[in-house]
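This report concerns only the one structure given below.
The values are calculated or read from the model by the stated rules, or taken from the named source; none is laboratory data. Remember, it's a predicted structure, so these values are computed and weren't measured experimentally. No Cβ is skipped: glycine too gets one built from the backbone with ideal geometry, and neighbour counts run over all protein chains shown. Accessible surface is based on the protein model in full, side chains and every heavy atom, while ligands, DNA and RNA are left aside. Shrake-Rupley method; radii C 1.70, N 1.55, O 1.52, S 1.80 Å.
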Amino acid sequence: MATFVWSWKSIAKKMEKPDYLVDATSTIEPQRGPLSKESRELLEDNFFVFETALGWCNSYQRTKYGGTEINTMSDVKDVGKCCKACQESHLAADPPVSCNAWTWCGDQETCGSDYLRCILKHIQDSNKPAAASGSDIGWSSGLINHAKENSSKADTGKKSEDSGRKYHVLLTAAGFNQQWLARIAYYHYCKMKEEHPNSDMGGFTRLLHTGEPDIWMDVIPTFVALALPPGVDKGYIVLNRPYGILQWIEQEMHKIPEKYVLISEPDHLFVRPLPNFMVGNKPATYPFWYIQPYENRALIRKIVGPIPDEDFEHIHKIGSSPLILSKGDLAKIVPSWLNVSVVLKNNPESDQTFGWIQEMYAWSIASFLEGIHDYVLVKDMILHPPFDSKLGNSPIIHLTYGMTLAKNGKFVRNDKAPWIFNKRDYSSVPPPRNLTPPPNGTTNEVVIRVIKLINEATSNIPGWDEYAQNSVDRCCRFDESAQ
């Protein structure tokens, strides 16, 4: 079972005691196997990741990548052996001619004389591999050494033998509205680091899982991960998060000095340093009220196979962020997280039921499958305006909901309200400096602080006016002089 912490102050005070230990371990020890037969078949017909002795491979079914052929081998029994051959070739060759893609034919009926043939290849732009795909293609293909060379400018910090409780902030982002939000989030991260140098906050990396750099590369420490092959995400761009994090784990995680990682998002704004809430090695996160594994247990059983009711206490009401965990647990969960995410997207029932939050369910399910059963759940880890109105001691404000206020400052459920802040109004152009504050009479401390945080950042970030050229203040929709 999970330890539920109502106040960060209470756990911080208790953790000062050297003999303090929260017993977050259940006496139930579920014995788990792989995903259900139906789920494995879904993966085998789509896209999945698996491990060889040399690292992680990905395999995209019914697809044959183009590129320059480096070597061809016959009678290769499975995709794992083909991918490993590419990994070995890559390690043995100079990068300009090394293997970074492979294709293998495992369908005897459609492959004919190419059956069990493995072709090692080099693709010039691995973010957009030329490929033939379709139900009549018997080939499977994959990429290795995913991210572009020299795309990383990760904040690895100063190496030390012991980084203590510090965590590395890994902020995942994609899309224009997340670009400007990430810049504002990084401003407030830097401010917290400067004002609180002895906090648990360590280095910072923005993970772009679009496959392309952007204008903030020289400002924000950034790792550019390749996006999934075209067609895999089926319009659900969030599916690229676990794929991008897997690439970061493979290529960058060993470079950071911190023992722990905070998975964060661009719309998470720091208002004070986030303590490392972990108890021992138990990950710490926020419990989301809308994640309901037990209520969806019949559907989850279709995904992972038979699970007794009592074992659902290990499938928590959580997502993948904000979440602090050890680097070892991150590396253990992420491959399963990606595979489960692919299953949920390709299963029509789970796709419809879980919708946009299916990758959150996938994280919870993957944690269970990988034996990470116990979490420290911190209720006031984040605030959700306008539904949370008091700042309290929460360290993060989550800008996920639109904030709609009447002229008197009261909250109203109306998308035509006189005063509105909604990040989605700035999906193509970032907000200008000096957004209109909430109306006089507003008592919601969190909404007031949101606008102050954004205005402070845009007033201090160099070049914001040029960046936000042609932007319009979409908050104030009434004549202030009429109040």
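Quick one: go through region 385-403 and flag any residue whose amide nitrogen is under 13 Å from the point 7 Å out along the Cα-to-Cβ line of Thr443.
Residues passing the 13 Å test: 389-390.
So for the pair Lys379, Gln352, with labels modelled 7 Å out along Cα→Cβ, what separation do we get in nm?
About 3.6 nm separates the two model spin labels.
With a cut-off of 8 Å between alpha carbons and a minimum separation of six or more residues, what is the relative contact order of the chain in percent?
16
How about region 234-276: which trypsin sites (Lys or Arg not before Pro) there lie in a loop by DSSP and see at most 16 other Cβ atoms within 10 Å?
Lys234
Can you pull out the trypsin sites (Lys or Arg not before Pro) in region 442-478 that DSSP calls coil and that have at most 14 other Cβ atoms within 10 Å?
Qualifying residues, ordered by number: Arg477.
Quick check: from the Cα gyration tensor, does region 61-142 come out rounded (a/c under 1.5), prolate or oblate?
Oblate.
Mind giving me the nanometre distance, one decimal, between the label points for Glu212 and Val412, set 7 Å out from Cα along Cα→Cβ?
About 4.0 nm, to one decimal.
Within 10 Å, at most 13 other Cβ atoms, and a DSSP state outside H, G, I, E, B define an exposed site. Report the longest part of the chain free of exposed GluC sites (Glu not before Pro).
296-483
Expressed as a whole percentage, what fraction of the accessible surface of the chain belongs to carbon and sulfur atoms when a 1.4 Å probe is rolled over the protein heavy atoms?
49
Please turn the phi angles of region 375-392 into ³J(HN,Hα) values with the Karplus equation 6.51 cos²θ - 1.76 cosθ + 1.60 (θ = phi - 60°), one per residue in order, whole Hz, x for glycine and proline.
10, 8, 9, 10, 5, 9, 5, 9, 10, 10, x, x, 6, 8, 10, 10, 5, x
Round to a whole angstrom and tell me the spacing of the C-alpha centers of region 391-419 and region 265-318.
About 26 Å separates the Cα centre of region 391-419 from the one of region 265-318.
For region 351-416, which trypsin sites (Lys or Arg not before Pro) are both in a DSSP coil and crowded by at most 12 other Cβ atoms within 10 Å?
Here the sparse-neighbourhood loop sites are Lys390, Arg413, Lys416.
Answer with a single label: of [x] 74, 59, 45; [y] 82, 55, 44; [z] 79, 57, 48, which was calculated as Cα extents along the principal axes in Å from the structure in view?
Computed from these coordinates, Cα extents along the principal axes in Å corresponds to label [z].
What whole-number distance in Å separates the alpha-carbon centres of region 35-64 and region 167-225?
That distance is 31 Å.
Rounded to the nearest whole Å², what accessible area per residue is found for region 252-399 with the 1.4 Å probe?
On a per-residue basis, 29 Å².
Taking only DSSP H segments of four or more residues, each worth -39500 (n - 2.57), what value at 222 nm results for the chain once the sum is divided by all its residues, to the nearest 500 deg cm²/dmol?
-8500 deg cm²/dmol
Specify whether the C-alpha gyration tensor of region 390-483 places it in the rounded, prolate or oblate class, a ≥ b ≥ c being the square roots of the eigenvalues: rounded for a/c under 1.5, otherwise prolate if a/b is larger than b/c and oblate if not.
The shape class here is oblate.
How many percent of DSSP beta bridges within the chain run antiparallel, rounded to 5?
Antiparallel: roughly 65 percent of the beta bridges in the chain.
Just the number please: accessible area per residue for region 51-144, 1.4 Å probe, all protein chains included, in Å².
Using a 1.4 Å probe on heavy atoms only, each residue of region 51-144 averages 48 Å².
Aspartates and glutamates within cross-link reach of Lys423: Cα-Cα under 20 Å, excluding same-chain residues under 8 positions apart?
Candidates past the 8-residue exclusion: Asp214, Glu265, Asp267, Asp388, Asp415, Glu445, Glu456, Asp465, Glu466, Asp473.
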